[in-house]
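Here is the structure we will look at, set down as structure tokens.
The values are calculated or read from the model by the stated rules, or taken from the named source; none is laboratory data. What you see is a predicted model; the values in this text were computed from it and never measured. Heads up, the Cβs are rebuilt from the backbone with ideal geometry, glycines too, and the neighbour counts pull from every protein chain shown.
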Amino acid sequence: MFFKLTPTTGQPLYLQLMQQIRHGAETGALHDGDQLPGIRTLAEELVVSPNTVAKAYSELEHEGLLELRQGSGAFVCVKRRTRSLADQVQVARHRIRDLIERLREDGLLDEEIRRAFEAELLYPAEIVTRR
Amino acid sequence: MLWYKAWLETRSRFLTCLATLTLFSGIFVHHAQGLIRPEWKSDFNRLLFVNQQFLVIMWVLSVVLLGMGGIVREKAIGTSSVTLALPVSRARLLRVRFGMGALEAIVLGVVPWLAVFVVASFARKPILITQVASYVLLLVAGGLVYFAMAVLVSSLVSGEYTAPALAFGIVLLAAMLFDAWLRQFNLWRLVTGDFSIDRSTYLLSEHLPWMGILSSLSVAVLMLLASTIVVQRREF
Amino acid sequence: MTNEAVILTQALTKSYGHAEAVRGLSLSVGRNRITAFLGRNGAGKSTTIKMLLGMIRPTAGSGTVLGKQIANTGENREVRQRVAYVAEDKPLYGYMTVEQTIRFFSSFYPDWRRDVERKLLHDYELPLQRKVKMLSKGMRTKLALLLAFARRPDLLILDEPSEGLDPVGIEYLLQVLVALSADGVSIFFSSHQIAEVERVADHVCILEKGRLLVDASLDQLRQFYRRIDLVFPFSPPEGEFRISGVERIQTSGHQMSVFASRNAEAVIERARDLNVVSVEIAPVGLRDIFLETVKEN
């Protein structure tokens, strides 16, 4: 699996890595039992701090997506929970696709749509509910 | 491997001076027959004495050059951050530099005289090993303080040319001042054998000026200590 | 991962006459982390590093490296056994050959790794018998780095390590740093290459005029620093936005640009209370964080 971490977005690298691993599990790029590279190997490959990889792996282990085995590495465990999460993501993507089509019909350019999404995403959840 | 570094740093200077001093002494003694004048009563011995006069000048110049360098100079060149990052104390760095230079200074005193001994023996001249040994002792034991002074100067001054110029200046000044006011304490005259030479036979006396030699060596040690303190205090 | 500090300073100060090169620096560099030390030229980075290594004595304050006092010459010397340092300009002894250089330096460190030495010699293509003064700048840089990387220090201090390297060399350097970090080496490096720092650093310290202005993990900086661009129906009152976390406000007509190190939500709330017309939030890259931080001072 290929990972791409972008240091310049407002998101910590370990979160980006976690998202990309989760995404892999959701879309089927990573199957149950697949082995991810060791912390050192992945850090060298992506040229990021090993702490970034370690933190991502450790958080995903807490979530249950990864199993860290001493000496052997990190193994993916796609459980039923994750599968239903994958379904939710599929539904969400349909909804987003519809919304984007409607915004395009309204005359917004893709770049404007993207920026609007990014701006809204940077609002922490509490402010959104207060609205 | 600090000794190895000190050797690499002084190697060219040392070998050049060694070659110069040895060749000079050998050739001088071999070819200087023409210098021997009929009125000289002890012609060959006087030649040896003259050789020492020249040798002292060259030897002191050489050891002053050997005393140059060190971490203060390295700061000017830019390598002091490497040397000072090593897990060794500044005192040890100085001791090794001093030790290497002192050994080289000794060799610079012994080898030329050895060459004289060999050349003279082959030419079947009346050369005594005790005389040679005395000349060497006066030169090296008495003169080591010049080396120590050069080390102290190079610990205070970092310029590539100002440090040796200052050291040479001190040698000259000391010789002149002492000769003017404290002639019996003039180290130059001790080292050249001027105080120990019998003017009729031109043989060095058996009673060498031990007090003078010991004092000179003590001052050399004091200068080494002073250099250590200077280098320890300094910021790099 | 233990969090003891490999470098810890308390109000470390260095003055030269009336000029203060380093002022009241209280720095804490964590173990097993990659910490970047940013600052303009003359901000006091090299002075700080030299104090840590015992080359300069502090005027006031104290510090420890790997638990040992920097002002104690004996302790500092012990510490240098376990600290590798590559100075700016990568100085080396010009009169030694590459082989002699390696032999000389390796003799001081029992933890020297011959396998790493051989691998780097091969990868860097360094000619063993050539004198250092005859090497190109790039090769000298690589040799200087090799001398630090072939050891197993607890702490590696680098001053502008990528200077003198081409992009391929820089990439290789970052890979080696990351590998060393994975091996347990704590890394403390100063750099002007913000892009490199953003990729590999865990923690960032920004020094300006001798004072520590930012001391935070890169994750924190990424999560909390924001630039908020607001448009109001009237000329916005800057006073309303002097909330904690706001570092700089720039107004132009009805537009206001707020640079905040945290608390972006509070700024947005205030803006909404004042009937803001448009709100745009954007994350701030490390370069801008650095420039804004040193500009303010």
Legend entry - Residue, surrounded by the most Cβ atoms within 10 Å (Cβ to Cβ), within segment A:52-70, restricted to residues that are more than 12 Å from chain C (Cβ to nearest Cβ) and under 21 Å from C:A179 (Cα atoms): A:Y57
Legend entry - Leading residue by the ranking (modelled with the lowest pLDDT) among those in segment A:112-131 that are closer than 19 Å to C:F224 by Cα and not in a helix (DSSP H, G or I): A:P124
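Pick out the one residue from C:T35, C:T48, C:T59 that is assigned by TED's automatic domain parsing to the domain that holds C:R211 and free of Cβ contacts under 8 Å to residues at least 60 places away in the same chain. Before the answer, list the steps.
Numbers: C:T35 fails: free of Cβ contacts under 8 Å to residues at least 60 places away in the same chain; C:T48 fails: free of Cβ contacts under 8 Å to residues at least 60 places away in the same chain.
It is C:T59.
When you look at C:I56, is it away from chain B (no Cβ under 12 Å), over 24 Å from C:S162 (Cα atoms) and modelled with pLDDT under 95, yes or no? If you could, list the steps in order and put the result at the bottom.
Working: away from chain B (no Cβ under 12 Å): no; over 24 Å from C:S162 (Cα atoms): yes; modelled with pLDDT under 95: yes.
When the stated conditions are applied, C:I56 does not pass them.
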Legend entry - Candidate set: segment C:78-129, residues that are surrounded by fewer than 18 Cβ atoms within 10 Å (Cβ to Cβ) and touching a Ser or Thr at 6+ places or on another chain (Cβ under 6 Å); chosen: the one farthest from B:R90 (Cα to Cα): C:Q129
Inset, instruction - Test C:A36 against the criterion of being under 22 Å from C:E208 (Cα atoms), at the interface with chain B (Cβ under 8 Å from one of its Cβ atoms) and touching a strand residue (DSSP E or B) at 6+ places or on another chain (Cβ under 6 Å), and give yes or no. - result: no
Legend entry - Odd one out for A:V89 among (1) in contact (Cβ under 8 Å) with a residue 60 or more places away in the chain; (2) within 14 Å of chain C (Cβ to nearest Cβ): (2)
Inset, instruction - Please find, among B:S200, B:S215, B:S205, B:S196, the residue that is surrounded by fewer than 20 Cβ atoms within 10 Å (Cβ to Cβ), closer than 30 Å to B:L114 by Cα, of a type in the set (S, T, Y) and touching a Pro at 6+ places or on another chain (Cβ under 7 Å). - result: B:S196
Inset, instruction - Note down all Cβ pairs under 8 Å where the first residue falls in segment A:96-116 and is without any contact (Cβ under 8 Å) to a residue 24 or more places away in the chain, the second is exposed (fewer than 12 other Cβ atoms within 10 Å of the Cβ), and they're at least six residues apart or on different chains. - result: A:R104/A:D110
Legend entry - Within segment B:73-89, considering residues that are surrounded by fewer than 21 Cβ atoms within 10 Å (Cβ to Cβ) and touching a residue at least 60 places away in the same chain (Cβ under 8 Å), the one nearest to the other protein chains (Cβ to nearest Cβ): B:V88
Inset, instruction - Read through the list (1) more than 15 Å from the chain's Cα centre (by Cα); (2) within 14 Å of chain A (Cβ to nearest Cβ); (3) buried (at least 17 other Cβ atoms within 10 Å of the Cβ), then give the number of the only condition that C:I187 fails. - result: (1)
Legend entry - Subset of segment B:166-195 [farther than 21 Å from B:R46 by Cβ and of a type in the set (V, I, T)]: B:I170, B:V171
Inset, instruction - Answer with yes or no whether A:D106 is of a type outside the set (A, V, I, L, M, F, W, C) and either modelled with pLDDT of 90 or more or surrounded by 12 or more Cβ atoms within 10 Å (Cβ to Cβ) (or both). - result: no
Legend entry - Evaluation of B:M68 against (1) part of a helix (DSSP H, G or I); (2) within 18 Å of the chain's Cα centre (by Cα); (3) closer than 30 Å to C:L143 by Cα (one fails), failing number: (1)
Inset, instruction - Check whether at least one residue in segment C:272-290 is touching a strand residue (DSSP E or B) at 6+ places or on another chain (Cβ under 6 Å), surrounded by 15 or more Cβ atoms within 10 Å (Cβ to Cβ) and under 30 Å from C:Y172 (Cβ atoms), and report yes or no. - result: yes
Inset, instruction - Tell me which residues, restricted to segment C:1-55, are surrounded by fewer than 23 Cβ atoms within 10 Å (Cβ to Cβ), touching a Pro at 6+ places or on another chain (Cβ under 8 Å) and charged (D, E, K, R). - result: none
